[in-house]
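Presented below is the structure to which this report refers.
The values are calculated or read from the model by the stated rules, or taken from the named source; none is laboratory data. Everything quoted here is computed from the prediction, not taken from an experiment. In this analysis, Cβ positions are derived from the backbone assuming ideal geometry, glycine residues included, and neighbour counts consider all displayed protein chains.
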Amino acid sequence: MISIKPIAAAFLALAATTAMAGPLVVRAAGPSAAQFKPGQRLADAPVTLKAGDSIVVLDAKGTRSFSGPGTFSLTAASAEAAQVAFSDLLVQKPARRARIGAVRSAGQDQGPPTPPGVWALDTRQSDTVCAIDPANIALWRADTTAAQTYNITREDGATASLTFGPGQALANLPAEVAGKAGALKIMGGKAPVTLTIKQVAAPTNVEALGMALVDAGCQSQFQRLAVNTLQD
């Protein structure tokens with residue numbers, strides 16, 4: 001007869017490991033930055049930061065930032081948390097105010113504009129990107145001063161053209177080249193761009209969404225998720 005004790009012990013160990021899991025690292029800066037890699041899962045234990053250190057983490061409660069020196073519980077919610085409806089993160093929506101400055105020095109350049117929300121795909125540079133529904137993808141462009149036409153080729157040879165009107169930043173991917181994961185080659189910008197689309201299952205919370213993006217290699221969207229869930 002097979003004893004269930006070893007099996008039960010294994011499940012208890014797994015449960016304990018899961019319970020001990022802490023948040024995901026979004027980004028870190030300062031003397032201790034090498035200890036914290038984007039997408040890294042931290043232990044559910046206090047973290048000591050040195051002077052000049054800063055870290056941004058994400059879990060099911062959202063995204064929070066911490067600056068040293070000091071010892072911090074990274075799973076503790078902020079005193080004034082900005083609550084974001086998780087359902088909003090799964091659809092295209094206007095970007096919330098980007099607060100990456102929370103982990104930058106005052107007056108430091110905030111960087112170039114980024115697509116709104118999590119799912120709009122940037123036409124400026126080649127990237128690995130994620131979609132829950134490949135048939136419902138929006139492309140984004142930064143410069144909206146004039147009309148612009150892109151020629152898009154899917155890796156199976158399907159082609160389509162997409163025209164942005166003056167002032168238009170977002171446009172749906174044409175049906176002729178939508179609906180499948182894989183590579184899209186986009187011509188018409190400053191340089192050819194290849195977007196490698198990976199399909200991810202609809203997650204159940206912010207942390208699961210972050211893990212799905214990290215596991216698929218969609219780091220730029222992981223960073224945007226953090227910006228859109230950053231607590232005040």
V193 vs. criteria over 23 Å from L89 (Cα atoms), modelled with pLDDT of 95 or more and not assigned by TED's automatic domain parsing to the domain that holds V25: yes
Qualifying positions in region 177-213 - out of contact with any Lys or Arg (no Cβ under 8 Å at 6 or more places or on another chain) and either among the polar types (S, T, N, Q) or part of a loop (DSSP other than H, G, I, E, B) (or both): A178, G179, G188, A191, T196, Q199, V200, A201, A202, P203, T204, N205
So E176, is it among the acidic types (D, E), closer than 30 Å to L42 by Cβ and touching a strand residue (DSSP E or B) at 6+ places or on another chain (Cβ under 8 Å): no
Index of the failed condition, A201 passing every other in (1) under 30 Å from G22 (Cβ atoms); (2) in contact with an Asp or Glu (Cβ under 6 Å, 6 or more places away or on another chain): (2)
